[in-house]
Amino acid sequence: MTGRTCVALAAAVLSVLMTAPRIAGQGSPTTSRPAAPPDWSGVYRFARGADLAGFTQINPLAGLDKLIISHLQPWARMKMLATNGVAEDRGAICQMDGLFRQFQGAAGFQWLNAGDKIVLASSMLQVVGVRRIYFSDRHPTRLPFTWLGHSIARWEGDTLVVDTIGFNDKTWLMSAMQPHTEELHIVERIRAVGDGSLLEFHTTIEDRKALTSPYEYSRYYKRTDGEYVESLCNSEPGDARMWDGFRRHALANPPPPGER
């Protein structure tokens, strides 16, 4: 092979590498921040009733449980039905159980801007902990599996797009104890809506090993004037009937009228 041929081949390979699409879940092309990124710092609580001002969200228990169950693969549904909620619900005994049930449900959080990252401190601190979202275009190549996964973010106009992978498989997707695997991949599109006091989290969840197809939903949180208050965790396991009720309700009942 001549020197000229080698140079031409190297240039062709470089061109392919520069134009090839990135692998889903391994980062997205860098998008520059807005000239003046929105300041969303503050304390937020789950929006309800009049707070929604015309926006609709799935009921945080019955509706979301039912949506997730409809996307479970058969083995995942069987595992859910066989789960002993009292014995296996870590959050009921003040241990880490991930962000899904709390952030999808009623827990509030404090949003803190910290230079190259955003910090979200859940009001359920003992159970959810502190989530860090880094401004980066890709996840680390060797990523440990953790309770909160690894989150990276980019701006698309005034919408913050957050990509999270690297979850362990010890958490549940919602209250009916729907399982997932380490393939779990979450994309959140966060934007201010209404008069600016609401943050909309539009979330898409995919897991090719546990779900038949991705599902998505929106959650709304209202900025408050109050101080950040950590919710105290109950140190006693809950009643088994509560978890059985979650499952029965999600499997048998449609969402309440007026809710998707």
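The values are calculated or read from the model by the stated rules, or taken from the named source; none is laboratory data. Being a predicted model, the structure only gives us computed values, none of them experimental. Glycine gets a Cβ as well: all are built from the backbone with ideal geometry, and neighbour counts include every protein chain shown.
Values computed for the structure shown
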item: Those residues of region 51-68 which are surrounded by fewer than 18 Cβ atoms within 10 Å (Cβ to Cβ) and modelled with pLDDT of 85 or more, in sequence order; result: Asp51, Leu52, Phe55
item: Filtered residue count, region 191-201, keeping only those that are crowded, with 16+ Cβ neighbours inside 10 Å and without any contact (Cβ under 8 Å) to a residue 40 or more places away in the chain; result: 2
item: All positions within region 119-148 that are of a type in the set (A, V, I, L, M) and within 23 Å of Tyr44 (Cβ to Cβ); result: Val119, Leu120, Ala121, Met124, Leu125, Val127, Val128, Val130, Ile133, Leu148
item: Segments classed as strands (runs of 3 or more DSSP E), wholly inside region 93-177, with at least 1 members that are buried (at least 17 other Cβ atoms within 10 Å of the Cβ) and of a type in the set (Val, Ile, Thr); result: 117-122, 130-135, 150-156, 159-165
item: Qualifying residue in region 140-154 (condition: more than 15 Å from the chain's Cα centre (by Cα) and aliphatic (A, V, I, L, M)); result: yes
item: Subset of region 193-215 [of a type outside the set (Val, Ile, Thr), over 16 Å from Leu99 (Cα atoms) and part of a strand (DSSP E or B)]; result: Leu198, Leu199, Glu200, Leu211, Tyr215
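Residues checked against (1) modelled with pLDDT of 80 or more; (2) over 19 Å from the mean Cα position of the chain (by Cα):
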residue	(1), (2)
Ala35	no, yes
Trp40	yes, no
Ser70	yes, no
Gln73	yes, yes
Leu81	yes, yes
Met96	yes, no
Gly108	yes, no
Ala114	yes, yes
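Every residue, every condition in (1) modelled with pLDDT of 95 or more; (2) surrounded by fewer than 19 Cβ atoms within 10 Å (Cβ to Cβ); (3) touching a strand residue (DSSP E or B) at 6+ places or on another chain (Cβ under 7 Å); (4) hydrophobic (A, V, I, L, M, F, W, C), yes or no:
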{"position": "Thr181", "(1), (2), (3), (4)": "yes, yes, no, no"}
{"position": "Cys233", "(1), (2), (3), (4)": "no, yes, no, yes"}
{"position": "Pro237", "(1), (2), (3), (4)": "no, yes, no, no"}
{"position": "Asp244", "(1), (2), (3), (4)": "no, yes, no, no"}
